[in-house]
2 protein chains.
Amino acid sequence: METAVRISHTSGLILQTIRSGYIYGFDIMEVTGLPSGTIYPALRRLEKDSLVRGDWEDSKIAFRQDRPPRRYYKLTRQGKDALACAVERYPLLAKLAPEEKATRR
Amino acid sequence: METAVRISHTSGLILQTIRSGYIYGFDIMEVTGLPSGTIYPALRRLEKDSLVRGDWEDSKIAFRQDRPPRRYYKLTRQGKDALACAVERYPLLAKLAPEEKATRR
DNA sequence: CTACCCTATGTAGTATTCTTTATATGTAGT
DNA sequence: ACTACATATAAAGAATACTACATAGGGTAG
């Protein structure tokens, strides 16, 4: 190891949450309790730094379910490295290896 | 319940760490992985807001153990209320609590 | 049809947190 | 003597997080 990007405790928490299957902003907000003013700017920074990749869902799917379209995120290779690094750095983050969200597929 | 003070996720983490028995700055740094530039200003704010109370240890004790004196913190009543409130607000916080530190007594 | 709630994302401005550096004191190595 | 490590705390400036508010479509209550 490792010259992976250094990230904050909160960013580590968000990456962990995404890895656990909570893959869009609103869902991450609910599961972490962090406010939208934390989550959305953080997601944009993570995407800018290539730690996550975001894609808009097909608006037709959202429309059929009577809700706004979501932006779905996934960890990149660099994101996984940065998370591994964060778990080493912040000992308490390891306790969150959670409760995978049931994937409906 | 209760109009306890609203605190940030990180402050909640620090309060929880103190409650678990890690009661001075350096110890909190080690168990959380958070840097000194986070911990010490946060402790001062928490003390200013009466969520924790800090007391310098007797410098003779520190001298005998060949180290600088520590400032020991404990939660106040308001601090306990604020923490209870934070645990409700941030669902993941409870999982981030460190193991209780063994008290040597 | 007006008001309000729910999902979902986003922004402005302020408060907090992070990086880096510094202080003081002691121990150990070269 | 100089360098490095370890325990503790702290400050300054840059980066990040939080509060409060905004936007927008759809549903529901009156």
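Since every read-out is calculated from the coordinates, none of them should be taken as a lab result. Small disclaimer: the values here were computed from a predicted structure and weren't measured. We place every Cβ from the backbone using ideal geometry, glycine too, and count neighbours over all the protein chains shown.
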Query raised in the report: In the structure shown, do any of B:48/B:101; A:48/A:74; A:80/B:101; B:48/B:95; A:48/B:95; A:48/A:95 have a Cα-Cα gap over 24 Å, and if so which?
Result: B:48/B:101; A:80/B:101; B:48/B:95; A:48/B:95; A:48/A:95
Report summary line: Going from the fewest other Cβ atoms within 10 Å to the most, one would list A:11, A:50 as A:50, A:11
**Report entry** Two-site label geometry, residue B:49 and residue B:10: point separation in nm, points 7 Å out along Cα→Cβ
**Finding:** 1.3
Requested in this report: With the convex hull built on the Cα atoms of segment A:1-70, state its orientation-averaged projected area in nm².
Outcome: 5.4
Query raised in the report: Averaged over B:31-43, how many beta carbons belonging to a partner chain fall within 10 Å of each residue's beta carbon?
Result: 2
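Count the net charge of all other residues whose Cβ sits under 10 Å from the Cβ of residue A:75, scoring Lys and Arg as +1 and Asp and Glu as -1.
Residues near residue A:75 contribute +4 overall.
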Requested in this report: Kindly give the distances from residue B:61 to its copy-mates, label point to label point, with each label point 7 Å from Cα along Cα→Cβ, as nm values to one decimal ordered shortest first.
Outcome: 5.9
Query - Other-copy label distances relative to residue B:84, 7 angstrom Cα-Cβ extension, nm - result: 4.3
Query raised in the report: Taking springs between alpha-carbon atoms closer than 10 angstrom, which of B:33, B:79, B:54 fluctuates most in the Gaussian network model of chain B?
Result: B:33
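What ranking of A:49, B:55 emerges when the number of other C-beta atoms within 10 Å of each C-beta is taken as an exposure proxy, fewest first?
The order, fewest Cβ neighbours first, is B:55, A:49.
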Query raised in the report: Efficiency by 1/(1 + (r/R0)^6): what FRET value for residue B:77 and residue B:57, r their Cβ-Cβ distance, R0 = 22 Å, to the nearest 0.05?
Result: 0.45
**Report entry** Three principal axis lengths of the protein assembly as shown [C-alpha, angstrom, descending]
**Finding:** 71, 48, 27
Requested in this report: Would you tell me which residue of chain A has the beta carbon closest to the rotation axis bringing chain A onto chain B, and how many whole Å away it is?
Outcome: A:95, 3
**Report entry** Neighbour count of at most 14 Cβ within 10 Å plus DSSP loop: longest GluC sites (Glu not before Pro)-free window in chain B
**Finding:** B:3-56
Report task. Neighbouring Cβ atoms within 10 Å as the yardstick, rank A:87, B:5 fewest first. Result -> B:5, A:87
Query - Other-copy label distances relative to residue A:95, 7 angstrom Cα-Cβ extension, nm - result: 1.1
**Report entry** Ellipticity estimate at 222 nm from DSSP helix runs (n ≥ 4, -39,500 (n - 2.57)) divided over chain B, nearest 500
**Finding:** -14500 deg cm²/dmol
